[in-house]
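The values are calculated or read from the model by the stated rules, or taken from the named source; none is laboratory data. This one's a predicted model, so the numbers in the text were calculated from it and none came from an experiment. FYI the Cβ positions are ideal-geometry reconstructions off the backbone, even for glycines, and counts take in every protein chain you see.
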Amino acid sequence: MSTESKDAPLVLAITGASGAPYAVRLLEQLIASRTRTSLIVSGHGWRLLETESGITSLPELRAAAGGDAAAWDAAVTVFDDDDRGAAPASGSALSRGMVICPCSMGTLSAVAMGSSRSLVERAADVALKERRKLVLVTRETPLSTIHLGNMLRVARAGAIVLPAAPGFYHRPQQISDLVDFVVARVLDQLDIQHQLGKRWG
């Protein structure tokens, strides 16, 4: 990754698949690491945040992701998912890549087909066409042949499919340990330093 790209923002999208704690914890870690972040929350993403984490507004999301208004303001720029003219929709706007966490099967399908109906979908399309890192934290079970086919399609296009499937060899004691396991894998893919759990060996 070039120095110019490292200084560019990371695009983080939250969609409607179950897994709000992953999204909140990832956002918290991005802010803590002072990673500039372009945040997009889909309509279903907001519903997810309310259902699973009790988060109903941007101020509540900011509080859940660390509570430090100054740190949030320094790191996070929020974009409306309906604004397909926003910076993340343009290939000429530099970014260090994109993460969709969690990534619903509907969003996966849209990315696989290049539909670009929303800012989330268009930003993912841009990441692929510009050969930037695109990490899809998918969550669904069981998986249909359509889901698997879409995963194969995006993987062949250059995306990283990172299912929200925590391991147990680290002997988790609480739910937060399972969340951190997945978020750590995401941060590793982004080359962002973290202290989320002990590494193997």
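In segment 22-44, how many residues are out of contact with any Leu (no Cβ under 9 Å at 6 or more places or on another chain) and either aliphatic (A, V, I, L, M) or farther than 24 Å from Ala8 by Cα (or both)?
Count: 4.
Take residues that are touching a residue at least 24 places away in the same chain (Cβ under 8 Å) and of a type outside the set (A, V, I, L, M, F, W, C) and tell me which of the strands (runs of 3 or more DSSP E) falling wholly in segment 7-124 contain 2 or more.
37-41, 76-80
From the list Ala159, Ala165, Ala155, Ala127, which residue is more than 17 Å from Gly16 (Cβ to Cβ), in contact with a strand residue (DSSP E or B) (Cβ under 8 Å, 6 or more places away or on another chain) and surrounded by fewer than 16 Cβ atoms within 10 Å (Cβ to Cβ)?
Answer to the selection: Ala155.
Taking the conditions exactly as written (surrounded by fewer than 18 Cβ atoms within 10 Å (Cβ to Cβ), among the aliphatic types (A, V, I, L, M) and out of contact with any strand residue (DSSP E or B) (no Cβ under 9 Å at 6 or more places or on another chain)), does Ala71 satisfy them or not?
Answer is yes for this residue.
Arg132 fails exactly one of the following numbered conditions: (1) within 18 Å of the chain's Cα centre (by Cα); (2) surrounded by fewer than 19 Cβ atoms within 10 Å (Cβ to Cβ). What is the number of that condition?
Here Arg132 clears every test but (2).
Taking the condition of being surrounded by fewer than 19 Cβ atoms within 10 Å (Cβ to Cβ) and under 17 Å from Ala124 (Cβ atoms), how many residues in segment 33-50 meet it?
2
So if I check each of Val99, Val76, which one is surrounded by 19 or more Cβ atoms within 10 Å (Cβ to Cβ), at pLDDT 95 or above and closer than 14 Å to Arg122 by Cα?
Val99
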